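A.B. asks: Provided herewith is a single structure, encoded as structure tokens, for subsequent inquiry.
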Amino acid sequence: MALAADRPTRHRVRIVTGVLATAIAAMALFAASPAYADEVDTDTYDYRVSGNVQLDGNPLEDVELTVSGNGIDTVVETDAEGQWAVGVPERNVTYTVTLNEDTLPEGIAVVDETSETPNVRDAAVGAGGRVTVNFFIGEGERNVTSFFDQLVQRLVNGLNFGLMLGLAAIGLSLVFGTTGISNFAHAEMVTFGAVMTLMFSTLFNFPIWLAIPLAVVMGAAAGWGLDAGLWRPLRKKGVGIVQLMIVSIGLSLTARYVFQFFIGGGTIQLPGADAAKIPLFGVVSLSVIDMASMGLSIVVILVFAWWLLFTKLGKATRAVSDNPSLAAASGIDVDRVVRVVWVVAATLASLSGVLWAYFRPGIKWDMGAQILLLVFAAVTLGGLGTAFGALIGSIIVGMLVEVSSLWIPADLKYVGALGVLIIVLLFRPQGILGRRERIG
């Protein structure tokens, strides 16, 4: 009878915890959202890419440009004088400046007979920290990529992003299912994997194929240490779920600024991040790193699925996630299972961090926090506490994020995924693979 009475209370706590997690993460995301202006991030970074857009010597206003590379993807519009400027994190780096020809007056295009993509320019920020990119506009025929081709390219990118996101979401879902904790520090395990890869590949000069598995092993060790030194003692003391969530927020903030102390506030590239794109079919092109990332994600997910479905420990994990009290009464060592879950979650998050560092591209001290909201959204969409639901939710969120940029500005593409999340939950509150439970 006590177990039956506890289940509604535990279910209510899980729902409240999940809602709080999503709300707090949303506030963190929107607080960091950049603004649109003729000057963007010039107060944030010391270095600058700037320029002019003119038509026959006259300035063009409200022309949209995108500056990307080295971990940034910033949109800016020209002012009344046709001028624009974007702050960038590092010098001695080449950025890409793309002029959106859809924002030009009708019948006007960027003209350059020597280039197939005259609206795309390279901007090499040298030792001086500043570079100017000017666009000379005139009458001409625009190079237009069809909507279908753009859609296919974004779907492929979305699948890559979704698989990477799934690695992080599966671990977070496992932790929530077995312990009830919405672990905000999971984002820092994502960053930890990337930072460890950077340390092994640059500080110790290990080849990248060795640095990555070493970083993942370090992530597993960190997961074991955190459970042994922090989470298990708190569980033994009977600390509540909400208090544990607040502890995870504090741990997240502490780890984040420790990363900043050691690697600084800039963006650092891993070896191979600048690999050239290889045409595959149609307009779809991927680098070797992109293809390896997708292949590795699929293999790891398949191995994890086999472990969860067919091994004794995997079955015990599902039992604990379903009902910890009943699992303990059945003779399952719940503490051992939870310890394994923390290690598996940290391992998957660390690998996800390495792949995220190549996808962004670049390593930054708060890179894990940048996708934390999407990870929570994927877990909630797929169904709280279900690992396979987290994977499905991640793929949906990843594709929505990439495809939505066809209609909305790139800086707002995360909002589209959240909108779909809200709509789905209105009709299916338990998520895609979650189970409907009666309360009361």
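Only the coordinates and a few stated rules stand behind these numbers; no lab work does. Not measured: the values here are computed from a predicted model. Cβ sites come from the backbone with ideal geometry, for glycine too, and all protein chains shown count toward neighbours.
A.B. asks: Antiparallel DSSP bridges in the chain: what percent, to the nearest 5?
C.D. replies: Counting only bridges with both partners in the chain, antiparallel ones make up about 80 percent.
A.B. asks: Relative to the longest principal axis of the chain, what angle (0 to 90°, nearest 10) does the C-alpha long axis of helix 208-226 take?
C.D. replies: Around 40 degrees separate the two axes.
A.B. asks: Also: In the range 227-339, if the dipole is taken from +1 on Lys/Arg beta carbons and -1 on Asp/Glu beta carbons about the Cα centre, which of N323, L302, V288 is farthest to the positive end?
C.D. replies: Of the listed residues, the answer is N323.
A.B. asks: Starting from the alpha-carbon convex hull of the chain, give the projected area averaged over all orientations, in nm².
C.D. replies: Averaged projected hull area, Cα only: 23.0 nm².
A.B. asks: Mind checking the angle between helix 367-382 and the chain's longest principal axis? C-alpha axes, 0 to 90 degrees, to the nearest 10.
C.D. replies: Once rounded, the angle reads 60 degrees.
A.B. asks: Now a separate question. Would you work out if the range 234-303 is rounded, prolate or oblate? Take a ≥ b ≥ c from the square roots of the eigenvalues of the alpha-carbon gyration tensor; rounded if a/c is under 1.5, else prolate when a/b is larger than b/c, oblate otherwise. Show your work: numbers first, answer last.
C.D. replies: Values: a/c = 3.97, a/b = 1.88, b/c = 2.11.
The shape class here is oblate.
A.B. asks: Same structure again: So how do 72-79, 346-353 stack up, highest first, on mean other-Cβ count within 10 Å?
C.D. replies: 346-353, 72-79
A.B. asks: Also, I was wondering about something else. Work out the charge dipole of the range 35-97 with +1 on the Cβ of Lys and Arg and -1 on the Cβ of Asp and Glu about the Cα centre, then indicate which of Y47, G82, T66 is farthest towards its positive end.
C.D. replies: Y47
A.B. asks: Would you mind calculating the relative contact order of the range 122-220 from Cα pairs under 8 angstrom and at least 6 residues apart, reporting the percent as a whole number?
C.D. replies: Relative contact order, the range 122-220: 14 percent.
A.B. asks: Between I278 and A328, what FRET efficiency follows from the Cβ-Cβ distance if R0 is 56 Å, with the result rounded to 0.05?
C.D. replies: Details: r = 52 Å, r/R0 = 0.93.
Computed FRET efficiency for I278 and A328: 0.60.
A.B. asks: Ok, one more. Label I208 and E39 with points 7 Å out from Cα along Cα→Cβ: what is the distance between them in nm?
C.D. replies: According to this spin-label approximation, the distance is 3.6 nm.
A.B. asks: So what is the 222 nm mean residue ellipticity for the chain from helices alone, if each DSSP H run of at least 4 adds -39500 (n - 2.57) and you divide by all residues, rounding to the nearest 500 deg cm²/dmol? Spell out each step's value before the answer.
C.D. replies: Working: 13 runs with 238 residues, N = 440.
Helix contribution divided over all residues of the chain: -18500 deg cm²/dmol.
A.B. asks: Something else about it: Which Cα, out of A194, F136, I170, lies furthest along the positive dipole direction of the chain (beta carbon charges, K/R +1, D/E -1)?
C.D. replies: Checking the options against the dipole of the chain, the answer is I170.
A.B. asks: What angle, in degrees between 0 and 90 and rounded to the nearest 10, separates the Cα long axis of helix 288-310 from the longest principal axis of the Cα atoms of the chain?
C.D. replies: 10
A.B. asks: Collect residues whose amide H, placed 1.01 Å from N in the peptide plane, falls under 5 Å from the amide H of L55; neighbours closer than 5 in sequence don't count.
C.D. replies: It is L60, by chain and number.
A.B. asks: Let me spell out the model: positive unit charges on the Cβ of Lys and Arg, negative unit charges on the Cβ of Asp and Glu, origin at the Cα centre of the chain. What dipole size does that give, in debye rounded to 20?
C.D. replies: Roughly 3660 debye, rounded to the nearest 20.
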